[in-house]
Every structure is written in structure tokens, then in C-alpha cells.
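The values are calculated or read from the model by the stated rules, or taken from the named source; none is laboratory data. Treat the numbers as computed from the prediction; the structure is a model and nothing was measured. Cβ: placed from backbone, ideal geometry, glycine included. Neighbour counts: every protein chain shown. We work out accessible area using only protein heavy atoms, side chains counted, and drop any ligands, DNA or RNA first. Shrake-Rupley method; radii C 1.70, N 1.55, O 1.52, S 1.80 Å.
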Amino acid sequence: MPLKRDLSLAWGMGLRALNSRRSRRRLDRLGVDRRAPRDGEVRVAVYFADGAVNMYQIRQWLEPLAALNETYPVAIIARSPETMLALLEESPVPVVYARRVVDLEEFVESQPLALTLYVNQNAKNFQMMRYGRMWHVFVNHGESDKMYMTTNQFKAYDYSFVAGDAALARLRSKLWDYDLETRAIPIGRPQADHFAGTTPYAPDDRIVVLYAPTWEGDRASAAYGSIATHGSALVQAVLATGRHRLIYRPHPRSGVVDPDYRRAHEQIVAAVERANAADPSAQHVYDQGPSLGWQLAAADVAVSDVSAMVYDRLATGLPLIVTRPVSPDADVDESGYLGSAEWLTAADAGRIVDVVDRVRADPEARARLDHWVHRHFGDTSPGAATRRFEEAVARLVTRRDEFAAADPLTAAPASAGSEHEADASRGATVVPDDETDL
């Protein structure tokens, strides 16, 4: 077994290397500079070091960034060739390809950056965070009660933009000696202001159920995924009624670790295909699209695992059911919304239709939902979160410029000495050339 595992890992590494080389050749043909910003204009950078498999983390910020770009010029920094190719097609703001650290340095030197935003905790974030004279701001790629949301890594950033009161309480309970009042800034969920889009079906009188499970996780404490435990019974029950429409939107990483989880996912996809073949008017949806928004707004009821998807749906104020993890080791914090959630156990997954009917009609369930929507996101009226996001950025831009105006080194020209001296003058840690190629 160890030999088989090692061979599988080696095959995977070789395949990734091959795909990376192909992507770099394609970028060479396309020209990476065709979407690059002009020198001297970018005030807000968004740093994304992940590969294309995690593009969902940056995609959900694209619309808020497009709106912000109208006031403060924005650029997204990509470190992966596959990600850069995707951003060249999808990003509404300029994109920068910085595969090597020297590319990153050239970009930082050429722009009056006031702050850099980070949507995840990739270890390569530190290659950007070494630069001073700008703020480094963690914005995350979702709001949830996962343990990820209280990691001590929050302390590495100058500031964090968080959703609301629930996030503040969560951090207060977990982090020692962290200045929440100064460093954690509530902004709500600006992505929810852009939840829109055309549905891939013709709306009718069917009740629309969104099933949006997460992946299996890479450790027992993060085993929140329900595809292998709840998924088949849940999906079969919804497909069988003739009065419901299913939107199945699994996490893009579903099955990357556990082959059994992947097989369960494939069985659900096949069931959706059979149901549509038997009744084309059902228009059930297996959704693999890059954008998230219409699914959350169109569903009458959403079923999600413990994940950021719970809170994306919560931001809409519409009915929500959460699957209870089967693993006893899964870390579930029920001190917040999850303590009042409408839970679905694996044993009850086949009764999902009854649960859907109940949460749609129960006034007490509606009242609990309204309470937690406000606690997690504050004002969710259209445009409110976008205003809070842009106001937070504006305050930090102003604050950075005030510091820069009072700092003689910021305006001083680089010395005529070595490159290392120039790096030292701007507070950067020198990285040897043989460590700069990713």
C-alpha cells in the first residue's frame, strides 16, 4: 500500500508539472501583459497564490472588486499559470502574473499600493506580506463557524474584514491578546449584493431545493462533507416527488482525497441525469459553473454542509437546512448560528422533503433565521454591505497615505547602491535568486 500511495503521489506531481508547463506555454502565446494595469495607478492589490482548483475563492470577490475599482484602481496578482489563464478570461479588473518573486517585486515597485487583500491562508501569502508601507488585509473567502475562521493566522495581518457581530464574538473567544476593536472591521457580505444571474431552467411552480455539499476535508476535525453519508438518500427523495427541482452544486474539490466520496458524488450526478431523461420538464441541475449567486437567490430552500456556503445562503435571509456531520471528530461550533440551525442527520436524509416543507412554513424557524441573519451580517438591505466594504477600504487608503506622508523613507528615491540596499530601504526581506522561482 505505501508503494501504491507513493506511485500515485508521484504520478499526480508529474501530471501537475506537465499541466503547469502547458499553461506557461499558452500564456507565452497569449501574452500575460494584455490585462496588466498601467504603472503608478493601482491602490488595492488582491493576492492569490493558489492554483485553478481554488479559483472559487477569488471568483466570489470579482463583482465587489469590480465595483471598488471604480473608486480605487484594483489589480489581482496571480502566482499560478493555470489561475492566470482563468483570470485573463474572467476578471473584471486588471491581472498581474507574478510567477517568480522578482516579478512580484517589480509590480510592487511600480505601483502606489495602499493595501493588499488576501482571500485565503496560503503559505505563499508571506511572500507578499514581507512588503511594508502598505496594509495587509485578510478578507477570507467566506463566513462560517469552521475552525478555519478562528485560526491564529489572523494575527499575521494588519487588519481583517469580517462579516459581523458573530465573527467578532468568535474571534474574541478564541484569540488571545488580539485587538479586535482596531484590527477586525465588520463589513457584512458584499458578495450578496451581486447574487443574481439567469437560471438554467424555466421557472415554474416546482419547489427548488439547492443541495450544496462541501468536500470531504483533509483531516478528521474538518470532515464536514455529506455527499457519502446524506447525499444519495437526500437526492433520491427530492428527485422522486415530481414537485421539486434539485440544484446539485458540490464543492469543486469533492473527492480529491477520498475515492469513496468521489464515487458517491458520481452516483448523484448519474441520478440527476436519469431523472432528467425520464422527465425533461423537471429540469434538475448539476451545477459546475464558476459563479455563485443565482443558485442562492433562486432556491426556495438550501441544504448545505457546515461550510462557508451556509453563511452565503444565510446572507440572503432565505430558508436553510444544515447537514449534521457523521464524524464524531468534526469540529462543530454551536455557540453561534449552528446552535439554532435546522439540522439534517444522515438517518433523516431520506425524509428531506418533510423537512423542507416544515422549514418553509414554520414561523418560529423564520424568526430564528432572521435573528441570525442580522447577527452574522448586520444590515443586509441591498447595497449596504458593498458600502461598508468600500468605506473600510477608503479608511485604510487614507490611513496608509497619512503614514506615508509622515515617513521620509516612503518618498525617498532608491539609493544608487546594490539591489539588496534598495530592498532594505523599503523594508523587504531579500530572497536569494535560487528561491524565487515557484
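Before moving on, here are some points about what is shown:
- Ranked packing of 274-281, 191-198, 160-167, most packed first, by mean Cβ within 10 Å: 160-167, 191-198, 274-281
- Taking only protein heavy atoms and a 1.4 Å probe, the accessible area of the chain is 52% carbon and sulfur.
- Solvent-accessible heavy-atom area per residue, rounded to whole Å², over segment 175-227 at 1.4 Å: 44 Å²
- Cα gyration tensor shape of segment 196-271, rounded if a/c is under 1.5, else prolate or oblate by comparing a/b with b/c: prolate
- Rolling a 1.4 angstrom probe over the protein heavy atoms with all chains in place gives segment 60-126 an accessible area of 31 Å² per residue.
- Evaluated at q = 0.13, 0.14 Å⁻¹, the base-10 log of the normalised Debye intensity for the chain, with identical point scatterers placed on the Cα atoms, takes the values -1.25, -1.40.
- Neighbour cut-off at most 11 other Cβ (10 Å), DSSP loop, trypsin sites (Lys or Arg not before Pro), segment 22-77: R38
- Shape call, segment 228-275: gyration tensor on alpha carbons, a/c limit 1.5: prolate
- Shape call, segment 184-339: gyration tensor on alpha carbons, a/c limit 1.5: oblate
- Amide H contacts under 5 Å for I247, placed H, 5+ residues apart: V209, L210, Y211, V285
- Bridge orientation summary for the chain: considering DSSP beta bridges with both residues in this region, about 5 percent are antiparallel.
- Dipole check for segment 164-310: with +1 at the C-beta of Lys and Arg, -1 at the C-beta of Asp and Glu, and the Cα centre as origin, the magnitude is about 100 Debye.
- The chain: relative contact order as a whole-number percent, Cα under 8 Å and 6+ apart: 17 percent
- Applying 1/(1 + (r/R0)^6) with R0 = 22 Å to the Cβ-Cβ distance of D218 and K174 gives a FRET efficiency near 0.55.
- Of the DSSP H helices in the chain, those with a Cα length along their own long axis of 20 Å or more and a mean Kyte-Doolittle hydropathy reaching -0.5 comprise 384-406.
- The residues neighbouring P382, those whose beta-carbon lies less than 14 Å from its own, together hold a net charge of 0 under the Lys/Arg +1, Asp/Glu -1 convention.
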